[in-house]
Amino acid sequence: MKLVFAGTPEVAVPALDALIASGRHEVVAVVTRPDAPAGRGRHLVASPVAQRAEEAGIEVLKPARPRDEDFLTRLREIAPDCCPVVAYGALLPKEALDVPVRGWVNLHFSLLPAWRGAAPVQHAIMAGDEMTGAATFQIEEGLDSGPVYGVVTEPVRPTDTSGDLLTRLAFAGSGLLEATMDGIEDGTLKAVPQPSEGVSLAPKITVEDAHVDFAAPALRVDRVVRACTPAPGAWTLFRGERLKLIQLALLPDRTDLAAGELDVGKNNVYAGTGSHAVELLWVQPQGKKPMRAADWARGVRIAPGERVGPADVG
């Protein structure tokens, strides 16, 4: 089939690579979000998908909005058979959905109908799911509600961050997307409507969602930190400034610390929660680079009884 691939971030690149290398289909163009400011200088930088497509000599389309007439005209000129999508980042209007004969097929990083929306991996970790996966489905005008072609499953490991899990799903999903394109082309694959039960929503994680409440049970604290790593980054307050929490460990046998109370050992930093203590392993103070929590604690000279969280403010 003649394909136009839509995607933007690094997590979409493995699927693009798989389709380019398939030998069976031709990726004739890529649709991606416009160049965005990045780095200290805030210079405009092309998306990872755009960079990969340019390396491969593939035409790149960067509409400000997918309903722009110039983009729709070019898409109709290309006349793709099918448009595979991975984390494109914009809603597709009906005028675009109607162009490819075999529609737009999305690779979504959840076992639909669970976790429809922008942040399925983060929400799966935050909810404590033990199993997740990826699904390919036919895009329609509803939110991730179209019929499903296929799925792959992936266990959620106890120490997984959203970055860890998303990386594994990106590679597992790339094979699923390629197989879905093959099955659509040869007619062996039919999309099956999603069940009406088991629907859950996964809206974008906000900075406020990433605020860690040390009065919550330790398991909840751990899940929020892992779900929000690397983005948007879990955080708390210490002496009125934000402290990013990058990695911690559960200490179920230690229950003597109040919620948010810090205890500093020679090479360890412990914090109380609503259940048992956790050990802070890696943190990032405001305006500084990530560092071991023990190095941070030595630098700020934590006093007995000091806390992280709202209780330490004022």
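The values are calculated or read from the model by the stated rules, or taken from the named source; none is laboratory data. Values in this document were obtained by computation on a predicted structure and should not be read as measured data. Heads up, the Cβs are rebuilt from the backbone with ideal geometry, glycines too, and the neighbour counts pull from every protein chain shown. Just the protein is used for accessible areas: all its heavy atoms, side chains included, with ligands, DNA and RNA removed. Shrake-Rupley method; radii C 1.70, N 1.55, O 1.52, S 1.80 Å.
Before moving on, here are some points about what is shown:
- Prolate/oblate/rounded label for segment 7-107 (Cα gyration tensor, a/c 1.5): oblate
- Backbone N under 19 Å from the Gln51 label point (7 Å along Cα→Cβ), restricted to segment 92-128: none
- Of all segments of the chain bounded by GluC sites (Glu not before Pro) found in a DSSP loop with no more than 11 other C-beta atoms within 10 Å, the longest spans 1-129.
- Shape call, segment 162-212: gyration tensor on alpha carbons, a/c limit 1.5: oblate
- Per residue solvent-accessible surface (Å²) - segment 11-123, probe of 1.4 Å: 45 Å²
- Summing Lys and Arg as +1 and Asp and Glu as -1 over all other residues whose Cβ lies under 14 Å from the Cβ of Glu141 gives a net charge of -1.
- DSSP-defined beta bridges in segment 66-224 - what % are antiparallel, rounded to 5: 75 percent
- As a fraction of the 1.4 Å probe accessible area of segment 184-314, surface on carbon and sulfur atoms comes out at 53 percent.
- Average Cα contact separation per residue, the chain, under 8 Å, 6 or more apart, as relative contact order %: 13 percent
- Tilt relative to the chain, helix 218-227 - C-alpha long axis, 0 to 90 degrees, to 10: 40 degrees
- Straight-line cross-link partners of Lys94 among the lysines, defined as a Cα under 24 Å from its Cα and at least 8 positions apart when in the same chain: Lys2, Lys62, Lys190, Lys204.
- Both the radius of gyration and Dmax for the chain are 22.4, 69 Å, in that order, over alpha-carbon atoms.
- Accessible carbon and sulfur surface of segment 15-66 relative to its total accessible area, %, 1.4 Å: 49 percent
- Nonlocal amide H pairs with Glu154, under 5 Å, H built at 1.01 Å: Thr132, Gly133
- Estimated distance in nm for a label pair at Thr206 and Arg74, the labels positioned 7 Å out from Cα along Cα-to-Cβ: 3.5 nm
- Based on protein heavy atoms only, segment 201-243 ends up with 47 Å² per residue of surface accessible to a 1.4 Å probe.
- For the chain, the longest principal axis of the C-alpha atoms and the axis of helix 162-186 are separated by about 10°.
- Helical runs (DSSP H, four residues minimum) scored at -39500 (n - 2.57) apiece and divided by the length of the chain put the mean residue ellipticity at 222 nm at -7500 deg cm²/dmol.
- Here is the list for segment 39-119: trypsin sites (Lys or Arg not before Pro) lying in DSSP coil, each with at most 16 other C-beta atoms within 10 angstrom of its C-beta, are Arg40, Arg42, Arg67, Arg102.
- The relative contact order of segment 143-278, computed from alpha carbon pairs under 8 Å that lie at least 6 residues apart in sequence, is 21 percent.
- Net lengthening on full extension, Leu143/Met291 (0.36 nm per residue, minus Cα-Cα): 49.3 nm
- Segment 1-140, relative contact order [Cα under 8 Å, separation at least 6], %: 23 percent
- In Hz, Karplus ³J(HN,Hα) per residue of segment 11-16 (6.51, -1.76, 1.60; θ = phi - 60°; x = Gly, Pro): 5, 8, 5, x, 5, 4
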